[in-house]
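Each remark here refers to the structure printed beneath this line.
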Amino acid sequence: MMRLTISQLATLGVLPLCMTFTLVSPVLSASIQDTPMSGGEGSVEQFDHNAYSLPLKNLPMTGRLDFSVGNSFFRNPWVVAPSSTDARDGLGPLINTNSCQGCHIKDGRGHPPTPDQRPVSLFLRLSMPATDKDSEVVRMTGVLPVPHYGRQLQTAAIPGARPEADMVLSYSDTKVALSDGTEVSLQVPDYRIEKPAYGPLPADMLISPRVAPPMIGLGLLEAVPEQQILEYADPDDSDGDGISGRPNHVWDARKENTVLGRFGWKAGEPTIEQQSLHAFAGDMGLTSSLAPVTDCMPEQDCNEFASGGTPEVSDKVASFVTFYAQSLAVPQRRSMDEPAVQAGARLFNDIGCSSCHRPSLTTADKTPRPEMANQTLWPYSDLLLHDMGEALADGRPEYEANGQEWRTPPLWGVGLAQSINERAGFLHDGRARTLEEAILWHGGEAEDSTQAYRDLSAEQRSQLIEFLNSL
């Protein structure tokens, strides 16, 4: 369960804090975006509920058919084996959903369930505290699995199988006081696991709620050179600015080696291919050559159910889905010339948001996909881990990420998030209903920036939010 302590409430501003306005020193060379092409030449001019679902504008015609085929496997439901739909059978037996689109709604964010809904696009990652004797397991999988339950709670199942348990989510409210007397209500989530079907849950089990993130621009982020990301890392805060971005190093199943992680809420995946095929295995119970084992544990007797083949996701299908996920375009910026938006962009840098949400990155000069080479991007992320404070901590390490660290999520397209899915929330578990709530949850390395936001005038806060909505 997640509850706020007195110190956490103070961090959130519920208890009295210094009301003196202080501007945080901006990141050296933090730039102001001067082009609407957030995703480089592949950016698209689409701003409705389909804004996240288009291929890169500069994708060659030869790639558009592969994109469409990948989209069909991403969008359409997988079915129980045996089936005449043999290209998409083998679902389960333990699952969270039956399609990629079921979590990544219109290729965008998921959302927390309402009290009367089964969770689909928000799930719980599970693990046990690891010791030195578990180092090899952690090196190759990131975490130590929970006996009888694995690394993820599957809250659904195919006919004849039992879901692992129910995830129950409830909220309490807390108020955050801004310096001008304005109060903002935040939702404090409480996660419980009820009706476990495969034995008692360990008392020291670690859980981490995760909402499905948006899919746009992933291939472009994959094309950013590793050295560029590492240049922004400062794990020991050697420059004394209070920002200690760290890389996560994770297992690459294709290379059979430890490499830089850059995808997922804790940068726990090295490539789009591996992230996609681990999602097939964990969310839908589907095997592939790269992820030949699902999250079923031996005690759950998953082998008693029919298989959809070996592997269930063929290499050809895996290639199509990976291509699709790599090729989703980023929408162009909007309202860039509005004075309020320009003022908000300057405030974003002035109060230190760009210390982690680094405005610009550049892809490599040469990439396997030529359309992604030498592109100037505006993702507003450094792809590094940062300590976000106790209030956002899940307490669950993943590879080298500790229980208070999260990867800086890209902000491009964030202003369209609720046009894509009107129930979309922000942060790793969707608890923030608005961008302002998301800002006010930030602690740890972001605490100075959050306090600076609290100290802004109402007009300045509005300008900053207008800037974010323009992304």
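Observations, loosely collected:
- Amide H partners (placed H, <5 Å) of residue 188, local residues excluded: 172, 173, 174
- The mean accessible area for residues of the chain, using a 1.4 Å probe and ignoring ligands and nucleic acids, is 41 Å² per residue.
- Simple spin-label estimate for residue 47 and residue 180 gives 2.6 nm between the two label positions (7 Å along the Cα-to-Cβ direction from each Cα).
- Highest average packing first - 86-93, 127-134, Cβ atoms within 10 Å: 86-93, 127-134
- Charge dipole magnitude, Cβ of K and R +1, D and E -1 - the chain, Cα centre, debye nearest 20: 1020 debye
- Check: the stretch 223-337 dipole with +1 on Lys, Arg Cβ and -1 on Asp, Glu Cβ, in debye: 500 debye
- Over all directions, the projected convex hull of the C-alpha atoms in the stretch 141-215 averages 8.6 nm² in area.
- As a fraction of the 1.4 Å probe accessible area of the stretch 362-471, surface on carbon and sulfur atoms comes out at 48 percent.
- Straight-line cross-link reach from residue 266 at under 22 Å between alpha-carbon atoms covers these lysines, not counting any fewer than eight positions away in the same chain: 255.
- Ellipticity estimate at 222 nm from DSSP helix runs (n ≥ 4, -39,500 (n - 2.57)) divided over the chain, nearest 500: -7000 deg cm²/dmol
- The listed peptides 290-303, 214-227, ordered by packing as a protection proxy, come out as 214-227, 290-303 (highest mean of other Cβ atoms within 10 Å first).
- Solvent-accessible area, 1.4 Å probe, carbon plus sulfur percent, for the stretch 217-286: 44 percent
- Peptides 308-317, 109-118 ordered by average Cβ neighbours within 10 Å, highest first: 308-317, 109-118
- For the stretch 212-271, the fraction of alpha-carbon pairs in successive 10 Å shells from zero, as %: 20, 47, 28, 5
- Charge-dipole axis of the stretch 135-189 as Lys and Arg at +1 and Asp and Glu at -1 on Cβ define it, positive-most pick from 135, 171, 185: 135
- Given R0 = 56 Å, the distance between the Cβ atoms of residue 84 and residue 32 translates into a calculated FRET efficiency of 0.50.
- Amide H within-cut-off set for residue 249, under 5 Å, with H built and near neighbours excluded: 261, 400
- Candidate values (i) 151; (ii) 198; (iii) 142, label of the one derived for volume of the Cα convex hull per residue in Å³: (iii)
- Radius, Kirkwood style, for the stretch 72-144 when every pair of distinct Cα atoms is counted (Å): 15.0 Å
- Near residue 431, the amide H atoms lying under 5 Å from its own belong to 426; only residues 5 or more places off or on other chains count, and H is placed 1.01 Å from N.
- Under the criterion of Cα pairs below 8 Å and six or more residues apart, the relative contact order for the chain equals 25 percent.
- Extension gain for the segment residue 117 to residue 462, taken as residue separation times 0.36 nm less the Cα-Cα distance, is 120.8 nm to one decimal.
- The 3J(HN,Hα) values that the Karplus relation (6.51, -1.76, 1.60; θ = phi - 60°) gives for the stretch 359-374 are, in residue order, x, 10, 9, 10, 7, 5, 5, 10, 9, x, 10, x, 5, 9, 7, 6 Hz. Gly and Pro appear as x.
- Couplings 3J(HN,Hα) of the stretch 266-271, computed from phi: 10, 6, x, 10, x, 9 Hz, in residue order, whole Hz [Karplus 6.51 cos²θ - 1.76 cosθ + 1.60, θ = phi - 60°; x for Gly and Pro].
- Protein-only accessible surface at a 1.4 angstrom probe places the residues 106, 195 in the order 195, 106, largest first.
- Cα lying deepest toward the dipole's positive end in the chain, options 209, 79, 343, charges on Cβ: 79
The values are calculated or read from the model by the stated rules, or taken from the named source; none is laboratory data. For clarity, every value in this text was computed on a predicted model and none was experimentally measured. In this analysis, Cβ positions are derived from the backbone assuming ideal geometry, glycine residues included, and neighbour counts consider all displayed protein chains. Just so you know, the surface numbers come from the protein's heavy atoms only, side chains and all, with ligands and any DNA or RNA stripped out. Shrake-Rupley method; radii C 1.70, N 1.55, O 1.52, S 1.80 Å.
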